[in-house]
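Okay, so here's the structure we're looking at.
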Amino acid sequence: MRSPLLFFCLLLLSCAAAPKHKNNKHYFQGKNEWAKIANDFRYPAELKERIEEFLGVPYLWGGNDKDGIDCSAFVKQVYEVYEIDLPRTSILQSKLGMNIPRHALLPGDLVFFGETESDSVTHVGIYMGNNKFANSTSSEGVKYSSLDEPFFFLKYLFAKRLKV
């Protein structure tokens, strides 16, 4: 008689101790739920082709064309292939879309970097798969980088998926 009662009490205690999430909008249990979202995601070849048009373009803070471009203008220009008019700055771009955990990144997701202590966004790129992303760097202009490069690894903040 004690064992079923003890089991029931332990069950109640474990349920009461489970974390409560007040805002379930961006909370998901794990990879299985992200896989459902990923099934609806389309990665057109146009995205890669558009990025490749900019490879090698030099970095220019405030620049907005192929003579010189900064990170947020690069993302804005690339996303025009989807007929999406993104805001001009990485801070404003970071306020759009749905939060995506790093393990669920898909090509086309926006990846944001900055000061991790304050969650202050200072850089944005476009994830392309295999831990690579396209971005405009101040040292080498538009190029592919790795999320594992020490600078980007330490400065990674979060990722967003825009509905295209």
For this session: Give, rounded to the nearest 20 debye, the magnitude of the charge dipole that segment 43-161 has about its Cα centre when Lys and Arg contribute +1 at Cβ and Asp and Glu contribute -1 at Cβ.
Result: 260
Exercise. Any idea what the relative contact order of segment 70-144 is, in percent, if you count C-alpha pairs under 8 Å spaced at least 6 apart?
Worked result: 29
Exercise. Going highest first, how would you order 72-78, 149-155, 86-92, 124-130 by mean Cβ packing within 10 Å?
Worked result: 72-78, 124-130, 86-92, 149-155
Seminar exercise, completed: Here, Glu80 and Lys163, labelled 7 Å along Cα→Cβ, have an inter-label distance in nm of 2.5
Exercise. With each label point set 7 Å from Cα along the Cα-Cβ vector, what nm distance links Arg88 and Ser139?
Worked result: 2.9
For this session: Subtract the Cα-Cα distance of Ala45 and Met98 from 0.36 nm times their separation in residues, and report this length gain in nm to one decimal.
Result: 16.8 nm
Exercise. What nm value, rounded to one decimal, do you get for the distance between Leu154 and Glu52 when each label is placed 7 Å out toward the C-beta?
Worked result: 3.5
For this session: Take each of the peptides 132-144, 47-59, average the number of other beta-carbon atoms within 10 Å over its residues, and list them starting from the highest.
Result: 132-144, 47-59
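Every number here is computed from the coordinates shown, using simple stated rules; none is lab data. This structure is a prediction, so every number in the text was calculated from the model and none was measured. Cβ sites come from the backbone with ideal geometry, for glycine too, and all protein chains shown count toward neighbours.
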